[in-house]
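S.K.: Structure provided below as structure tokens; questions to follow.
The values are calculated or read from the model by the stated rules, or taken from the named source; none is laboratory data. Bear in mind that the values here come from a model prediction, so they are computed numbers and not experimental data. We place every Cβ from the backbone using ideal geometry, glycine too, and count neighbours over all the protein chains shown.
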There are 4 protein chains.
Amino acid sequence: MDRLLQGYRRFRRDQWPERRRLFEVLADHGQQPRAMVVSCADSRVDPAMIFDARPGELFVVRNVANLVPPYGPDAAYHGTSAALEFGVRVLKVSDLIVMGHGLCGGVTALLHGAPAAASDFVAAWIGLAARARTRAMVCDDPVERQLQAEYETIRLSLENLMTFPWIADRVEVGLLSLHGFHFDIRSGTLSHLGSDGRFQPVPPA
Amino acid sequence: MDRLLQGYRRFRRDQWPERRRLFEVLADHGQQPRAMVVSCADSRVDPAMIFDARPGELFVVRNVANLVPPYGPDAAYHGTSAALEFGVRVLKVSDLIVMGHGLCGGVTALLHGAPAAASDFVAAWIGLAARARTRAMVCDDPVERQLQAEYETIRLSLENLMTFPWIADRVEVGLLSLHGFHFDIRSGTLSHLGSDGRFQPVPPA
Amino acid sequence: MDRLLQGYRRFRRDQWPERRRLFEVLADHGQQPRAMVVSCADSRVDPAMIFDARPGELFVVRNVANLVPPYGPDAAYHGTSAALEFGVRVLKVSDLIVMGHGLCGGVTALLHGAPAAASDFVAAWIGLAARARTRAMVCDDPVERQLQAEYETIRLSLENLMTFPWIADRVEVGLLSLHGFHFDIRSGTLSHLGSDGRFQPVPPA
Amino acid sequence: MDRLLQGYRRFRRDQWPERRRLFEVLADHGQQPRAMVVSCADSRVDPAMIFDARPGELFVVRNVANLVPPYGPDAAYHGTSAALEFGVRVLKVSDLIVMGHGLCGGVTALLHGAPAAASDFVAAWIGLAARARTRAMVCDDPVERQLQAEYETIRLSLENLMTFPWIADRVEVGLLSLHGFHFDIRSGTLSHLGSDGRFQPVPPA
């Protein structure tokens, strides 16, 4: 905790003075993010850092393995779906990004079973991506299988996004664009899911 | 999107060179975050920025209004609970932080009803915090009521965390500490929930 | 009128079928324009045509000579200021455009006096741009003087926009950008007001 | 902005070649629109599109909720009244149309109060239509009340037009006709206010 409080003091000393006005205006006028990101809770994958985004730019939901459940309004508490609804219907973002990443522990759990220590919720949650697992199991090589499962999980989340009628409607008429990205932790490479269904590195310069 | 890809190029040019080794080690050895944060999806409240945290330091789940549901393993998809389980039982974090913030749209929806446009999920999700609403409604002043509802939402999430047996057990024996924070967007002030149940500003220097 | 009703029938026959879905989604989900245009009521200068914009893209206020009054909330009815407030504070547009045009009758009235037939309101309204008139009167050539007065009117409206605190705030921190354009009716040339304070043609291809 | 400049390039490539002569003539001879439209700034309601009008056909003033203030020449800046004066007394249009539309945010603000974010001007401006609000409040059903308030706002603007002496005079002798229209965004239906005081759909074919 001391470490975090020291971090807060650095934030106040180094970043606050130049960002003070931006925060004041964001407080007075409200947020108007143009993009929303569904990404993983993993401590190595911060969307704001990877996109060098300013405060106010990205509406961010983070869960294990950047999963999107299929549309299904019912009595249960749907945290991710509620965040999607807030971002798309209330804030009216124009771009909706699913960002997966390399060496994802959630995807490892998908392929090899949830850790024994995590049987209450992780197994059920990650079961959302069972279809991604099936698709990736055709790979023999374990490293390649992990990568393909990460890719398939992103594709599946994008497919599930399209089951939300108020997302599909907006995508259909061009008011909202969906994007898939994968961040490779080791190399720092961001790859983009193209219209041909393949991930290709974004040129870093 | 162009703006985001330009941001990625700045990240690669300005931050990657000095962080490359850190990412390589984080890739080789896996993450070992000491702290987990439950915060809001709001675009103005990035935990990594407020705590000036490095990659690998914070395991972050973000949802609308930084809510934690009560413990309840069942057939439903519990994104926030799964992330808690992964952070606490698999990654074994030492500190678990609930961070709320000022001018929270989710809390406004709690007090005044979800926006008409957000009826599928936001209303049900925010209903999780109904008890925080009840407590805050004793305030007559609307600005103070919003602030108290933000505080109460943080308190409620902390109470709900203690309904998870594997959290309560670890807290009891001192392996895990729970913390409540509130970030004021306008003034940049971070307040900490003390053992006396009151929020007090963290000295910025 | 018959001509207009025939136009409506052409719209229904030729444009509606392909735009029906867009209108339905814009009805269900509300508008989310990213840009607002202040332009002239002149029948020859339709912003949607010049920017080939789709329904939902441009929030448009049109008055005589695309004037913006200085900020001054009081008991009077401020139509243009109300539209600015709605576009900037409610819809949270990112770009705010003042678009003037060639052969502008309002600017002609500014230079040569309002037509005798229009003494109730046009003279007072156009008087808002008196400063633009003063600046343009240094030109001897009447054609050049008209053009310079059109340019100065755009500059003055942009200056007046910055007297609105909630516009200046957002511009200062980068949440809103102001732009000046001039459309030449005869040549179809759109010119952009650059950061050097000069109008330069936008390459048409 | 890139999107708008791309739109301009499409306009130059696709529309300019066939409209070049029209613009040249409109530049040489000036505009002579036969109709003037008072419509809303809403991004979904472009009069030129709905009437499939050519450049030069419609003199258009757009403000929030297509309001016309009552006649009242004084020291204030009357943007809408100045535009009316220019259209009627200088350009001598034959038809003057007030066009409202469905799901009008200005009318919603009239019924439910201006958004908190829009307190400087929108509240005062929309207050112009207080009488329309009173008339519509007799409806119990909220959807019907919104529609009736849109209709009443159009009726009120038409009544206010008749308080301008140079409009009433011309209407009396048949030189000018006033018309009320309502465009339903969802269905694309244009309705016309008949002499019996009721709105009836214009047959689309």
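S.K.: What number of residues within the stretch D:15-24 satisfy the criterion of being more than 19 Å from C:A53 (Cα to Cα) and surrounded by fewer than 13 Cβ atoms within 10 Å (Cβ to Cβ)? Explain how you work it out, then say what you get.
M.R.: Keep residues of the stretch D:15-24 that are more than 19 Å from C:A53 (Cα to Cα), which gives D:20-24.
Now restrict to residues that are surrounded by fewer than 13 Cβ atoms within 10 Å (Cβ to Cβ): D:21.
Residues flagged as more than 19 Å from C:A53 (Cα to Cα) and surrounded by fewer than 13 Cβ atoms within 10 Å (Cβ to Cβ) within the stretch D:15-24 amount to 1.
S.K.: For the list (1) closer than 22 Å to D:V122 by Cβ; (2) among the aliphatic types (A, V, I, L, M); (3) away from chain D (no Cβ under 14 Å), I need the number of the one condition that C:A136 fails.
M.R.: (1)
S.K.: B:L178 is checked against (1) aliphatic (A, V, I, L, M); (2) in contact (Cβ under 8 Å) with a residue 60 or more places away in the chain; (3) more than 26 Å from A:F59 (Cα to Cα) and fails just one. What number does that condition carry?
M.R.: (3)
S.K.: Is there any pair linking a residue in the stretch C:134-146 that is touching a residue at least 24 places away in the same chain (Cβ under 8 Å) to one that is among the small types (G, A, S) and assigned to a helix (DSSP H, G or I), with Cβ under 7 Å and at least six apart or on different chains, and which?
M.R.: Correct list of pairs: C:A136/C:A149; C:R145/C:A136.
S.K.: Residue by residue through the stretch C:134-186, note down the ones that are of a type in the set (V, I, T) and assigned to a helix (DSSP H, G or I).
M.R.: Taking the stretch C:134-186 as the starting set, the residues that turn out to be of a type in the set (V, I, T) are C:134, C:138, C:143, C:153-154, C:163, C:167, C:171, C:173, C:185.
Answer for the stretch C:134-186, where residues must be of a type in the set (V, I, T) and assigned to a helix (DSSP H, G or I): C:T134, C:V143, C:T153, C:I154, C:I167, C:V171.
S.K.: While we're on this one: So B:A48 clears everything in (1) within 14 Å of the chain's Cα centre (by Cα); (2) buried (at least 22 other Cβ atoms within 10 Å of the Cβ) except one condition, right? Which one?
M.R.: (2)
S.K.: Next question, about the same structure. Test C:V98 against the stated conditions and say whether it is under 30 Å from D:Q6 (Cβ atoms), more than 15 Å from the chain's Cα centre (by Cα) and among the β-branched types (V, I, T). Walk me through it before giving the result.
M.R.: On the way: under 30 Å from D:Q6 (Cβ atoms): yes; more than 15 Å from the chain's Cα centre (by Cα): no; among the β-branched types (V, I, T): yes.
Considered against the rule, which asks whether it is under 30 Å from D:Q6 (Cβ atoms), more than 15 Å from the chain's Cα centre (by Cα) and among the β-branched types (V, I, T), C:V98 comes out as no.
S.K.: Go through the stretch D:140-158 and give me each residue that's surrounded by 15 or more Cβ atoms within 10 Å (Cβ to Cβ) and out of contact with any Cys (no Cβ under 9 Å at 6 or more places or on another chain). Step through it out loud before you land on a result.
M.R.: First pass over the stretch D:140-158, keeping only residues surrounded by 15 or more Cβ atoms within 10 Å (Cβ to Cβ): D:145-158.
Within the stretch D:140-158, D:Y151, D:E152, D:I154, D:R155, D:L156, D:S157, D:L158 qualify.
S.K.: If we scan the stretch D:116-124, do we find a residue that is without any contact (Cβ under 8 Å) to a residue 40 or more places away in the chain and more than 20 Å from C:E85 (Cα to Cα)? Write out each step before concluding.
M.R.: Taking the stretch D:116-124 and keeping what is without any contact (Cβ under 8 Å) to a residue 40 or more places away in the chain, we get D:116-121, D:123-124.
Add one more test, that the residue is more than 20 Å from C:E85 (Cα to Cα), and what stays is none.
No, because not a single residue in the stretch D:116-124 is without any contact (Cβ under 8 Å) to a residue 40 or more places away in the chain and more than 20 Å from C:E85 (Cα to Cα).
S.K.: Would you check which residues across the stretch B:75-91 are touching a residue at least 12 places away in the same chain (Cβ under 8 Å) and touching a Leu at 6+ places or on another chain (Cβ under 8 Å) and list them?
M.R.: Hits for the stretch B:75-91 are B:G79, B:T80, B:L84, B:G87, B:V88.
S.K.: Filter the stretch C:51-88 down to residues that are among the charged types (D, E, K, R) and more than 13 Å from the chain's Cα centre (by Cα) and give me whichever is farthest from D:D120 (Cα to Cα). So that I can check it myself, show each step before the final result.
M.R.: First, the residues of the stretch C:51-88 that are among the charged types (D, E, K, R): C:52, C:54, C:57, C:62, C:74, C:85.
From what's left, more than 13 Å from the chain's Cα centre (by Cα): C:52, C:54, C:57, C:74, C:85.
On the way: C:D52: 32, C:R54: 30, C:E57: 25, C:D74: 8, C:E85: 8 Å.
Ranking the candidates gives C:D52 first.
S.K.: Within the stretch C:68-86, can one find any residue that is out of contact with any Phe, Trp or Tyr (no Cβ under 7 Å at 6 or more places or on another chain), more than 7 Å from every other protein chain (Cβ to nearest Cβ), farther than 24 Å from A:Q32 by Cβ and buried (at least 23 other Cβ atoms within 10 Å of the Cβ)?
M.R.: No.
S.K.: Of (1) more than 8 Å from chain C (Cβ to nearest Cβ); (2) modelled with pLDDT of 95 or more, D:D95 satisfies all except one. Which?
M.R.: (1)
S.K.: Follow-up question, since we're still on this one. Output yes when any residue across the stretch A:193-200 is hydrophobic (A, V, I, L, M, F, W, C) and touching a residue at least 24 places away in the same chain (Cβ under 8 Å), and no when none is. Lay out the reasoning, then the answer.
M.R.: Kept after step one, since they are hydrophobic (A, V, I, L, M, F, W, C), are these residues of the stretch A:193-200: A:193, A:199.
So of that shortlist, the ones also touching a residue at least 24 places away in the same chain (Cβ under 8 Å) come out as A:193, A:199.
Looking for residues that are hydrophobic (A, V, I, L, M, F, W, C) and touching a residue at least 24 places away in the same chain (Cβ under 8 Å), one finds at least one in the stretch A:193-200, hence yes.
S.K.: Right, D:L128: touching a residue at least 60 places away in the same chain (Cβ under 8 Å) and either in a helix (DSSP H, G or I) or at negative phi (or both) or not?
M.R.: Values: touching a residue at least 60 places away in the same chain (Cβ under 8 Å): yes; either in a helix (DSSP H, G or I) or at negative phi (or both): yes.
Taking the combined requirement at face value, the residue satisfies it.
S.K.: Residue check: is C:S39 surrounded by 24 or more Cβ atoms within 10 Å (Cβ to Cβ), closer than 24 Å to C:V122 by Cα and over 12 Å from the mean Cα position of the chain (by Cα)?
M.R.: Working: surrounded by 24 or more Cβ atoms within 10 Å (Cβ to Cβ): yes; closer than 24 Å to C:V122 by Cα: yes; over 12 Å from the mean Cα position of the chain (by Cα): no.
No; evaluated as a whole, the condition is false for this residue.
S.K.: For residues in the stretch C:176-188 being within 9 Å of another protein chain (Cβ to nearest Cβ) and surrounded by fewer than 21 Cβ atoms within 10 Å (Cβ to Cβ), which is nearest to the chain's Cα centre (by Cα)?
M.R.: C:H179
S.K.: OK, next. Scan the stretch A:17-67 for residues that are among the polar types (S, T, N, Q) and either touching a Phe, Trp or Tyr at 6+ places or on another chain (Cβ under 7 Å) or modelled with pLDDT under 95 (or both) and report the count. Steps first, please.
M.R.: Start the filter on the stretch A:17-67 by keeping residues that are among the polar types (S, T, N, Q), which leaves A:31-32, A:39, A:43, A:63, A:66.
Now restrict to residues that are either touching a Phe, Trp or Tyr at 6+ places or on another chain (Cβ under 7 Å) or modelled with pLDDT under 95 (or both): A:31-32, A:43.
Total meeting the criteria: 3.
S.K.: For the stretch D:1-70, list the helices (runs of 4 or more DSSP H) that sit wholly inside it and hold at least 3 residues that are touching a residue at least 12 places away in the same chain (Cβ under 8 Å) and farther than 25 Å from D:L161 by Cβ; which are they?
M.R.: Working: elements: D:2-10, D:16-29, D:47-50.
Output list reads D:16-29.
S.K.: Checking the condition surrounded by 22 or more Cβ atoms within 10 Å (Cβ to Cβ) and touching an Asp or Glu at 6+ places or on another chain (Cβ under 6 Å), which residue from C:A136, C:A129, C:A109 passes? Outline the logic, then answer.
M.R.: Values: C:A129 fails: touching an Asp or Glu at 6+ places or on another chain (Cβ under 6 Å); C:A109 fails: touching an Asp or Glu at 6+ places or on another chain (Cβ under 6 Å).
Of C:A136, C:A129, C:A109, the one residue that is surrounded by 22 or more Cβ atoms within 10 Å (Cβ to Cβ) and touching an Asp or Glu at 6+ places or on another chain (Cβ under 6 Å) is C:A136.
S.K.: Of all residues in the stretch A:189-205, count the ones that are part of a loop (DSSP other than H, G, I, E, B) and either exposed (fewer than 14 other Cβ atoms within 10 Å of the Cβ) or out of contact with any Gly (no Cβ under 8 Å at 6 or more places or on another chain) (or both).
M.R.: Residues that pass the stated criteria total 9.
S.K.: I would also like to ask the following. Of all residues in the stretch C:18-65, which are facing chain D (nearest Cβ under 7 Å) and β-branched (V, I, T)?
M.R.: Of everything in the stretch C:18-65, those that are facing chain D (nearest Cβ under 7 Å) and β-branched (V, I, T) turn out to be C:I50, C:V60, C:V61, C:V64.
S.K.: I would also like to ask the following. Regarding C:G30, is this residue among the small types (G, A, S) and touching a Pro at 6+ places or on another chain (Cβ under 7 Å)?
M.R.: Working: among the small types (G, A, S): yes; touching a Pro at 6+ places or on another chain (Cβ under 7 Å): no.
Taking the combined requirement at face value, the residue does not satisfy it.
S.K.: Inspect all residues belonging to the stretch B:106-117 and state whether any of them is part of a helix (DSSP H, G or I) and in contact with a Cys (Cβ under 8 Å, 6 or more places away or on another chain). Please lay out each step first, then the result.
M.R.: Just the residues of the stretch B:106-117 that are part of a helix (DSSP H, G or I), to begin with: B:106-112.
Now drop any that are not in contact with a Cys (Cβ under 8 Å, 6 or more places away or on another chain), which leaves B:106.
Within the stretch B:106-117, one or more residues are part of a helix (DSSP H, G or I) and in contact with a Cys (Cβ under 8 Å, 6 or more places away or on another chain).
S.K.: Hey, another quick one. Being under 17 Å from A:A130 (Cβ atoms) and among the β-branched types (V, I, T) is the filter here, so list the residues in the stretch A:59-79 that pass it. Break it down stepwise before answering.
M.R.: Just the residues of the stretch A:59-79 that are under 17 Å from A:A130 (Cβ atoms), to begin with: A:63-70, A:72.
If the condition is that a residue be under 17 Å from A:A130 (Cβ atoms) and among the β-branched types (V, I, T), then A:V64, A:V68 are the ones that fit.
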